Amino acid sequence: MLAIVVVVVVAGGAWYAMSTYRPATAPTAPMTYTVALTDPPVVPEGTTDLLINYSGVAVHTTEGGWIPNTKATGTVNLMALQNLSVVIANVNVSRDATVNIVRLYISNATIVVNGTSYPLMLPSGELTIPITNASRAAPGALVDLQPHVVEAYVGDQPVFIMAPAAVAVPLNYTAPPGTVMHVPNNMHEVLESARANVTVTSATLQVVGNETILSITVKNDGSTPVEVLGVDVKGPWSIEVPPITIETKDFSATINVEGARANMSLVFFANGTQLVPAVQRASEHMHVNWVLPPRAKAKWMGVEWSGNEDEFHQEMGRWANYMGGGSPPEMTIRGPNGSFNFTGGRAFNSTAPAPAPAMNGYNATFSGASYAEEWANALGYILQPNASVTFTYEGFITLGPHLKDSPMGPVNITIIPISGEDYTISVLTIPASNATTTTTVS
């Protein structure tokens, strides 16, 4: 759980009301409106660091609108904070102002898993968090980002998606930037009570051929607006790939894979009421070693090859590593020495798979990436109090990464829900909520 403390400084001096002059008041001491980070976020196993680089903070007052502090920049390691808060900004505001919203600008984010650093994909680099029970008397606000990091895959390459689910509450102390303080237990209870009252009233997931049809209706039962960032759909997915061509100097092969499936999460960002697969466009800029996730299982694999036999065996071992150290239960291999059928995974002899390397050609902040400029500042949907909305996706979930040692160009990987299987759907919101449901694919 991540909390950010935003500090607001109240400026004294002359002010006017109703065009009537009033004598200047004596200067008052600045008030800090604090943005703090507390408790590690929900992250994949093996995570040691989660670094957030922020490039500015702004606060919104009911009297004067937005007030930015572009000099509030820095880096915070969320994994290093346990029941602590850190002040990251001071913002000058008018006397007696009521600050009701905090905005945090994230330039990029990085996660370290099993010693390897990966960029984090974000639905937006601009997080706007309303303050629950905003008070004119409060000298600050405690913002808890509560980020949930989802591990998805494009081929064998992991893609880490950070879905912030922030809440904010008034804070009763002030401190200069950089101050680290203990967060009392009662403040955790206050943050938990500030969660949005959002429910899923209906959800359906269908498959027609290779087409996915997803519909989820969400209701805001609370008294304040809620921003819906997207949904996380977790369950078993079918993976279809075309015949794959591999070429090196002394070796070439064509590979066919059938019946592949993997248990994994697919995150859909909300672009208005339309859902967009988060990794779809990112995949076009990625290079992968293999077309399936490490934990994927395939029913059958066929390899037709020619060229150097030693290099063929090296390639077979490499593919086995990418597939998690094993092979499909049935394989057919055709080469210069004839055709052979294997059962029980006996075709591969391999060592344990090495951790997947960090991917290249990928921008951490999704809305700022060159391939998604048209979505900048458009992701998300504001759900008003007592209102309902239906989010939908209908289409083919296709990924188009480039495969190492292949002359094919982008490889079209199609992700399909499996009829009769159960999927857990979690709604990603600001403020955070517990909106989750389970549905069976029809």
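Observations
- Fewest neighbouring Cβ atoms within 10 Å first, the residues W66, W305, W290, W300 line up as W66, W300, W305, W290.
- Net length gained if the chain between D96 and V42 were fully extended (0.36 nm per residue, minus Cα distance): 15.7 nm
- Here segment 28-194 is treated as a Stokes sphere of Kirkwood radius computed over C-alpha pairs; at 4 °C and 1.567 mPa s its diffusion coefficient rounds to 79 µm²/s.
- Förster radius 56 Å - calculated FRET efficiency between H313 and Q274 (Cβ-Cβ, nearest 0.05): 0.70
- Extension gain, Q384 to T343: 0.36 nm times the residue separation minus the Cα-Cα distance gives 9.0 nm.
- Prolate/oblate/rounded label for segment 122-191 (Cα gyration tensor, a/c 1.5): prolate
- Highest to lowest packing among 398-409, 212-223, scored as the average C-beta count within 10 Å: 212-223, 398-409
- Reducing segment 79-150 and segment 244-306 to their Cα centroids gives an inter-centroid distance of 35 Å.
- Using a Förster distance of 41 Å, the FRET efficiency for R136-T204 (Cβ separation, nearest 0.05): 0.35
- Extension gain for S117 to S193 (0.36 nm times residue separation, less C-alpha to C-alpha distance): 23.9 nm.
- The residues D310, D422, when put in order of fewest to most other Cβ atoms within 10 Å, stand as D310, D422.
- The simple Förster model, with R0 at 35 Å and r as the Cβ-Cβ distance, assigns D422 and E304 a FRET efficiency of 0.40.
Here, each number is a calculation from the coordinates, and none is a lab measurement. From a predicted model like this one, the values you see are computed outputs, not experimental measurements. When we count neighbours, we look across all protein chains shown, and the Cβ atoms used for this are built from the backbone with ideal geometry, even at glycine.
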